[in-house]
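Report on one structure; see the data block that follows.
The values are calculated or read from the model by the stated rules, or taken from the named source; none is laboratory data. As the structure is a computational prediction, the values presented were derived from the model and not from experiment. Here the Cβ positions follow ideal geometry from the backbone for every residue, glycine too, while neighbour counts run over all protein chains shown.
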Amino acid sequence: MMKGKLDGKVIVVTGGAMGIGKATALAAAKEGAVVAVCDVNQVEGNKTVEEINKMGGKARFYYLDVSNEEQVKNVFEKIGKELGDIYGLVNNAGIAGVSKPTHEITLEEWNKVMSINVNGVFLCTKYAVPYMIKNRSGSIVNLSSIYGLVGAQDVPPYHASKGAVRLMTKTDALFYAKYNIRVNSVHPGFIDTPMVRGFAESTGNKEAVYEALKKLHPLGRLGKPEEVASVIVFLLSDDASFMTGSEVVVDGGYTAQ
């Protein structure tokens, strides 16, 4: 049996099939967590679970569209029954959305990003918190972005959504501190994930985009999903027991400029 920083604790990871979510699910399992891998991508989600189970960890896949309240409610109840009381929640599910000036964006395009990136964080927090209040113990990690801290000339809905996540984190940290529930946000720079690869490929010149992205970071490269996952696991664990309402930046120096 694996003993670790999250031994026996039930951790829910949304968007857990690929990228940072997958890396987080694996890293949490290595620390002894029982991981609920939640995603709309069943194929990749099941692969992540298989990988965890193969290495001797414990995980189960749950199909979850975080923008659908009924689904969130049902899935969180199911996780509670099948795996046990939820201790940790990683609100990682997110989409990039359209990249065009604000006046060219349709309300539908705007709402699509908000429904997943903002409403998803709200809904998952809403249904995880009762378990944590009951046990007077819990840790929520919300994935924001460098673009929850600074702006850039692209993807307005995405930037607005990540700014919202940053402030939602601080508000919930204050609300739930008395129950010993910690809520922190993580702000990655450009990480080599399927989302970033998709963005680079959509331009038709992947190599040039990657070179440009590397130059944005003083460390001269993109981050790896595992480098963000290790920070998330730290925040979930008792190692971060005096941290709440914090924004932890993992960006290779991007926002230091």
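Data table
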read-out: Subset of region 86-144 (residues that are in contact with a Ser or Thr (Cβ under 8 Å, 6 or more places away or on another chain), polar (S, T, N, Q) and within 18 Å of residue 36 (Cα to Cα)); value: 91, 92, 139, 142
read-out: Qualifying position, being over 23 Å from residue 139 (Cβ atoms) and not β-branched (Val, Ile, Thr), among 81, 112, 73, 58; value: 112
read-out: Residue ID - nearest to residue 97 (Cα to Cα), chosen from residues in region 138-156 that are of a type outside the set (Gly, Ala, Ser) and part of a helix (DSSP H, G or I); value: 156
read-out: Count of residues meeting criterion [within 18 Å of residue 16 (Cβ to Cβ) and in a loop (DSSP other than H, G, I, E, B)] in region 215-236; value: 1
read-out: Failed condition for residue 204, given (1) in a loop (DSSP other than H, G, I, E, B); (2) under 21 Å from residue 249 (Cβ atoms); value: (2)
read-out: Residue match in region 24-38 (condition: buried (at least 23 other Cβ atoms within 10 Å of the Cβ), charged (D, E, K, R) and in contact with a Ser or Thr (Cβ under 8 Å, 6 or more places away or on another chain)); value: no
read-out: Condition met for residue 155 (buried (at least 18 other Cβ atoms within 10 Å of the Cβ), hydrophobic (A, V, I, L, M, F, W, C), in contact with a Ser or Thr (Cβ under 6 Å, 6 or more places away or on another chain) and modelled with pLDDT under 95); value: yes
read-out: Residue match in region 85-97 (condition: surrounded by fewer than 16 Cβ atoms within 10 Å (Cβ to Cβ), of a type in the set (Gly, Ala, Ser) and within 26 Å of residue 28 (Cα to Cα)); value: no
read-out: From 227, 207, 201, residue being at negative phi, among the acidic types (Asp, Glu) and modelled with pLDDT of 95 or more; value: 227
read-out: Residues located in region 225-257, provided they are without any contact (Cβ under 8 Å) to a residue 60 or more places away in the chain, touching a strand residue (DSSP E or B) at 6+ places or on another chain (Cβ under 7 Å) and farther than 18 Å from residue 6 by Cβ; value: 227
read-out: Condition met for residue 128 (part of a helix (DSSP H, G or I) and either modelled with pLDDT of 95 or more or not acidic (Asp, Glu) (or both)); value: yes
